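For reference, the structure discussed in these notes is given below.
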Amino acid sequence: MASDPATGLTCRANGDKAPGRGSASGRSCRHLSESETDGGPTVRSLARLCSRDEEERAAALEELSQGVLVGLGLDRPGSARLSKPTLLHLLRLSGSCPLQEVRERATELLRTAQEQGVEVPRALASGPSAFIPAKQTLREGTDQNILIESFLSLGRVDHITMVMALHPAYLSCFLRTQHALLELDGPLPHHWRHYIAAMAAARHHCSYLVQQHSAGFLDAGGEESWLSSLEHAPTKLRSLQTLNKLLAHRPWLITQQHIQELVCPGADPRWSLAELIHAVVLMAQAHSLCSFVWGCGLNPEPDHIGGYTFQPPSPSHFPRSPNSPAHEDGRQELVDGAMEVEVLMQRMVELQQQEEECTQEEMVTRFEKERSESIPTAVVRGAPPDLVLCLVEDQEFRYEDFAPRGEQSPATMRAQDYSWEDHGYSLVNRLLPDMGQLLDEKFQVVSNLTYNRMAMHEGVDTHTLRKALWNYIHCLYGIRYDDYDYGSVNELLERSLKVFVKTMACHPEQTTAHVYHSFWRHFRHSEKVHANLIVMEARLQAALLYTLRAITHYMR
């Protein structure tokens with residue numbers, strides 16, 4: 001298990017510009033700092049809170065406190081004044097900073113401000129997820145060391161990091177990949193990277209990621225007008241819209257022609273292959289991260305729109321926390337959930353012991369059955385906020401089944417003809433050095449991640465279940481493995497799990513608490529997060545494979 005999740009990311013002390021400005025989603029550690037004219041904390045003191053030197057961090061904490069107290073004008077009664085960004089920064093530190101001394105001091109400063117008559121904000125949610133109770137997330141063994149490392153590296157611990165920290169080995173390689181995509185040297189300007197990621201997140205109406213990357217875009221020197229309308233962005237960026245919507249909703253439709261229109265010598269504006277592969281990975285990564293955000297029910301950050309309020313709680317207000325599904329229908333729910341686990345355990349054992357081999361024809365038949373199975377999806381949500389819609393072109397273009405019943409479907413992609421291991425990995429590494437290695441590490445970690453337990457059982461080999469999940473997602477995307485028996489998918493993935501997986505992989509914006517709680521009712525939340533990670537990475541690889549195949553065809 002990795003102990004250094006963000007190697008090479010340092011939030012420099014003394015106000016130096018940090019190379020790792022992004023959070024898990026690219027959020028700057030200085031974004032919410034206010035100008036020094038309001039008498040509040042300075043950029044310098046906030047940045048120094050990330051110092052790995054305890055003495056310097058303590059000094060920075062004192063400097064932060066003094067800056068706030070000066071802003072409150074305790075020596076000048078009636079002159080209390082703190083900026084909104086300063087208050088929101090304190091709110092975030094008070095709720096999510098893994099360093100106890102920083103968290104307690106921020107809480108104390110907010111209390112002092114309130115006593116001086118300043119309207120202080122409060123977070124609208126009690127934890128990072130609307131689906132996972134905050135106390136239960138901590139009780140399930142969150143590694144505090146990796147959260148501290150993330151704070152010292154990135155300047156904040158966002159909700160993505162807090163939930164992913166249930167699986168530290170994965171979080172470590174995820175953060176390295178995000179840092180390389182958004183911060184290290186590469187063919188695309190840094191502000192373009194965040195803008196591309198924001199455009200991608202907007203396809204799935206993910207306000208959470210749009211706000212994160214919009215902040216990163218502005219921090220990297222981007223023009224605010226670009227965020228108000230795609231029309232204000234450069235033509236070259238807008239030319240990605242067709243590829244963006246196909247990658248998000250129907251990647252199997254991506255062809256050599258789409259690549260040629262962007263990179264051929266006559267294209268105007270023209271993308272280099274290195275620039276294009278960087279943009280493709282950014283978009284595909286953002287699309288898949290949307291699945292994680294929606295699938296885990298992540299709440300808005302406390303300093304995001306929708307994450308805080310300046311209104312005091314009403315007398316009738318009680319903090320909401322989703323009910324554990326074990327309590328929704330009482331004792332019968334407990335019994336049913338336990339039976340589901342036992343049945344799944346038995347099926348896994350039987351499949352592992354199965355010696356009978358199917359013919360190739362039967363394998364194909366079972367694949368087609370899974371691919372064309374009708375799985376209903378959840379309720380359609382209301383219109384997303386304007387900050388999302390202004391970055392979306394062709395809003396009506398959505399996911400459609402790869403193979404609707406009774407219709408002619410596109411040709412299946414056989415993994416033996418084009419795979420990540422044999423084709424995609426080397427192409428990405430050639431065009432965007434080291435990125436193929438980073439992506440491959442993520443795929444390998446999530447595929448092999450296991451704690452040898454399942455619900456209340458220990459010492460369980462979960463390989464067949466993890467493989468069934470991965471291959472089912474690729475099946476939804478029209479990718480077939482000739483040597484895999486898709487009958488295993490039907491044996492191991494009960495219908496409510498298929499509904500969750502398809503919703504999250506194909507149109508995550510329609511994921512609801514009911515969809516989340518309906519599957520694996522007796523499993524730990526950390527196990528459901530693990531399933532989310534598998535869906536996220538399998539979806540990412542599937543989308544990349546179609547695009548990389550089109551690029552390969554163009555290069556021939």
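The values are calculated or read from the model by the stated rules, or taken from the named source; none is laboratory data. Just so you know, these numbers come straight off a predicted model, no measurement behind them. Neighbour counts are summed over all protein chains in view; Cβ atoms, including those assigned to glycine, are modelled from backbone coordinates with ideal geometry. Just so you know, the surface numbers come from the protein's heavy atoms only, side chains and all, with ligands and any DNA or RNA stripped out. Shrake-Rupley method; radii C 1.70, N 1.55, O 1.52, S 1.80 Å.
In this structure the amide hydrogen of SER129, modeled in the peptide plane, comes within under 5 Å of the amide hydrogens of ASN299, none closer than 5 places in sequence on its chain. Net charge dipole, the range 135-264: roughly 400 debye, given to the nearest 20, about the Cα centre with Cβ charges of +1 for Lys and Arg and -1 for Asp and Glu.
Surface calculation, 1.4 Å probe, protein heavy atoms: TYR425 sits at approximately 60 Å² accessible. Computed with a 1.4 Å probe over protein heavy atoms only, the accessible area of HIS514 comes to about 140 Å². For ARG480, the amide hydrogen comes within under 5 Å of the amide hydrogens of MET413, ARG414, ALA415, counting only partners 5 or more places away or on other chains and with H modelled in the peptide plane.
Name the residues whose placed amide hydrogens come within less than 5 Å of the amide hydrogen of ARG270, ignoring near sequence neighbours (fewer than 5 apart) on the same chain. The answer is none. Our coupling estimate for the range 385-398, obtained by passing each phi through the Karplus curve with A = 6.51, B = -1.76, C = 1.60 and θ = phi - 60°, is x, 4, 4, 8, 4, 5, 10, 10, 10, 6, 5, 7, 6, 10 Hz, Gly and Pro reported as x.
Computed with a 1.4 Å probe over protein heavy atoms only, the accessible surface of the range 398-522 comes to 39 Å² per residue.
Dipole size in debye (nearest 20) for the range 437-516 around its Cα centre, Lys and Arg Cβ +1, Asp and Glu Cβ -1?
That gives a dipole near 240 debye.
The mean accessible area for residues of the range 192-255, using a 1.4 Å probe and ignoring ligands and nucleic acids, is 27 Å² per residue. Which of rounded, prolate or oblate describes the range 414-497 when judged by the alpha-carbon gyration tensor and an a/c cut-off of 1.5? It is oblate, given that a/c is not under 1.5 and a/b is not larger than b/c.
Going by accessible surface with a 1.4 Å probe and the largest first, HIS205, HIS474 read HIS205, HIS474.
My understanding is that a pair violates if its Cα-Cα distance is over 21 Å; which of LYS135/LYS498; LYS502/LYS528; LYS467/LYS502; LYS135/LYS528; LYS236/LYS502 do that in this structure?
The pairs that break the limit, which is 21 Å between Cα atoms, are LYS135/LYS498; LYS236/LYS502.
How large a share of the accessible area of the range 92-207, in percent, is made up of carbon and sulfur atoms when the probe is 1.4 Å and the other protein chains stay in place? Ligands and nucleic acids excluded, carbon and sulfur reach 48 percent. Taking all protein chains as they are arranged and a probe of 1.4 Å, the heavy atoms of THR365 leave approximately 80 Å² accessible to solvent.
Surface listing: TRP271, TRP520 arranged by accessible area from highest to lowest gives TRP520, TRP271, probe 1.4 Å. The order of TRP294, TRP470 by accessible area, most exposed first and with a 1.4 Å probe, is TRP294, TRP470.
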